[in-house]
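The structure appears below as structure tokens.
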Amino acid sequence: MNNNKLDTINYTAWLEERNRSLNSIRTYCCYLENFIQKSWTINTESIRNFLKSNITKYQPNSLKVFRQALSSYTKFKRIAIDWDWITGIIPKTQRKCFSTLSIEDLEHLKKVISEKSKLTHQRNNLIFDFLFYSGLRVSELINIKHSDWNAKNESLKVHGKGNKIRYVFLPDFLIKHLNPNSPDYLFTNLKKQKLCPLVIRQIISQRTKKAGFTKLITPHSFRRSFATWMHRKGSNLTTIQFLLGHESITTTEKYIQTDRETMYADYSKLWKEEAILTK
């Protein structure tokens with residue numbers, strides 16, 4: 001089969017088997033279509049030339065997504081690529097600052113009512129608590145079943161990214177909401193169907209807007225908040241890595257180092273100290 005024709009159907013199924021989110025699948029396919037329209041084939045030279053010729057057209061982060069999509073697709077198609085020859089083409093950028101939530105932010109968010117039903121409001125508050133205190137990805141959260149809780153080992157089985165299974169701990173006030181004898185999903189709609197990631201995003205968007213938050217809060221913000229909160233409490237970095245399900249501890253470090261509020265607080269100390277000295 002000519003490798004310049006995107007095998008969308010089989011590739012999508014391959015990604016789904018590895019538990020990739022719908023958003024990631026759509027993004028990868030979109031970027032791959034864009035690449036294939038401008039290149040006759042997929043090989044080391046064509047990828048290198050594409051990235052070099054588009055340095056000024058695309059932002060570095062967009063080029064990184066192109067690289068990630070192509071890396072994923074070449075693994076699927078078993079196309080050998082010399083990535084060492086390609087490394088270094090994409091300009092390096094400073095790490096972005098992401099917004100996080102404090103426990104005070106979380107409690108404020110839970111007090112705001114944007115739902116018509118009391119039960120829906122309580123369900124959404126539980127969603128916020130699970131995201132904040134477990135560090136789960138939204139794709140992992142929606143797939144939690146009551147039966148995933150193992151009372152004997154006091155841990156929750158999580159079907160994670162890359163089709164990997166890990167076990168996380170939960171505080172007692174979350175455990176009480178789980179019934180190990182039930183085969184149902186933990187978070188469902190009125191029809192008892194599991195929620196989709198888009199619904200979770202909408203819930204967070206509506207609540208944060210009504211709460212008056214000016215910073216952008218997404219499902220992943222809760223995950224970063226969990227990592228930052230644990231780090232501030234003195235947790236071992238490898239423990240945070242294990243609970244988040246990161247392959248590399250470098251990824252875990254990035255979650256903590258990109259906490260905007262912490263960096264701004266440190267920076268602000270300079271001016272407070274300066275003001276004291278000049279009095």
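Quick check on this structure: which one of Thr228, Thr252, Thr218, Thr258 is in contact with a Cys (Cβ under 7 Å, 6 or more places away or on another chain), surrounded by 16 or more Cβ atoms within 10 Å (Cβ to Cβ), at pLDDT below 95 and within 25 Å of Ser24 (Cβ to Cβ)?
Working: Thr228 fails: in contact with a Cys (Cβ under 7 Å, 6 or more places away or on another chain); Thr252 fails: in contact with a Cys (Cβ under 7 Å, 6 or more places away or on another chain); Thr218 fails: in contact with a Cys (Cβ under 7 Å, 6 or more places away or on another chain).
When all the criteria are applied, what remains is Thr258.
If Ile89 satisfies all but one of (1) within 26 Å of Leu15 (Cβ to Cβ); (2) modelled with pLDDT of 90 or more, what's the number of the condition it fails?
Every listed condition holds for Ile89 apart from (2).
Right, Ile203: of a type in the set (Val, Ile, Thr), at pLDDT 90 or above and either touching a helix residue (DSSP H, G or I) at 6+ places or on another chain (Cβ under 7 Å) or on the phi < 0 side of the Ramachandran plot (or both) or not? Can you show your working first?
Numbers: of a type in the set (Val, Ile, Thr): yes; at pLDDT 90 or above: yes; either touching a helix residue (DSSP H, G or I) at 6+ places or on another chain (Cβ under 7 Å) or on the phi < 0 side of the Ramachandran plot (or both): yes.
Yes; evaluated as a whole, the condition is true for this residue.
Within the bounds of the range 6-19, is there any residue that is under 19 Å from Pro197 (Cβ atoms), in contact with a strand residue (DSSP E or B) (Cβ under 9 Å, 6 or more places away or on another chain) and in contact (Cβ under 8 Å) with a residue 60 or more places away in the chain?
So far as the range 6-19 goes, yes, one or more of its residues are under 19 Å from Pro197 (Cβ atoms), in contact with a strand residue (DSSP E or B) (Cβ under 9 Å, 6 or more places away or on another chain) and in contact (Cβ under 8 Å) with a residue 60 or more places away in the chain.
Conditions (1) over 23 Å from the mean Cα position of the chain (by Cα); (2) of a type in the set (Val, Ile, Thr); (3) surrounded by fewer than 20 Cβ atoms within 10 Å (Cβ to Cβ), marked per residue:
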position	(1), (2), (3)
Phe66	no, no, no
Asp82	yes, no, yes
Lys92	no, no, yes
Val112	yes, yes, yes
Lys152	yes, no, yes
Arg166	no, no, yes
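When the range 30-54 is examined, which residues are found to be free of Cβ contacts under 8 Å to residues at least 40 places away in the same chain and touching a helix residue (DSSP H, G or I) at 6+ places or on another chain (Cβ under 7 Å)?
Tyr31, Phe35, Lys38, Ser39, Ile42, Ile47, Phe50, Leu51, Asn54
If I ask for residues that are polar (S, T, N, Q), under 30 Å from Glu17 (Cα atoms) and out of contact with any helix residue (DSSP H, G or I) (no Cβ under 9 Å at 6 or more places or on another chain), which ones from the range 60-114 would you list?
Listed by number, the residues that qualify are Asn61, Thr87.
Show me the helices (runs of 4 or more DSSP H) entirely contained within the range 79-173 in which 2 or more residues are of a type outside the set (Gly, Ala, Ser), more than 30 Å from Leu63 (Cβ to Cβ) and assigned by TED's automatic domain parsing to the domain that holds Ala211.
Qualifying helices (runs of 4 or more DSSP H): 103-111, 118-134.
Taking the range 174-199 on its own, how many of its residues are within 19 Å of the chain's Cα centre (by Cα) and either surrounded by fewer than 13 Cβ atoms within 10 Å (Cβ to Cβ) or not assigned by TED's automatic domain parsing to the domain that holds Gln122 (or both)?
Residues in the range 174-199 being within 19 Å of the chain's Cα centre (by Cα) and either surrounded by fewer than 13 Cβ atoms within 10 Å (Cβ to Cβ) or not assigned by TED's automatic domain parsing to the domain that holds Gln122 (or both): 1 in total.
The values are calculated or read from the model by the stated rules, or taken from the named source; none is laboratory data. No experiment lies behind these values; they were computed from the predicted model shown. When we count neighbours, we look across all protein chains shown, and the Cβ atoms used for this are built from the backbone with ideal geometry, even at glycine.
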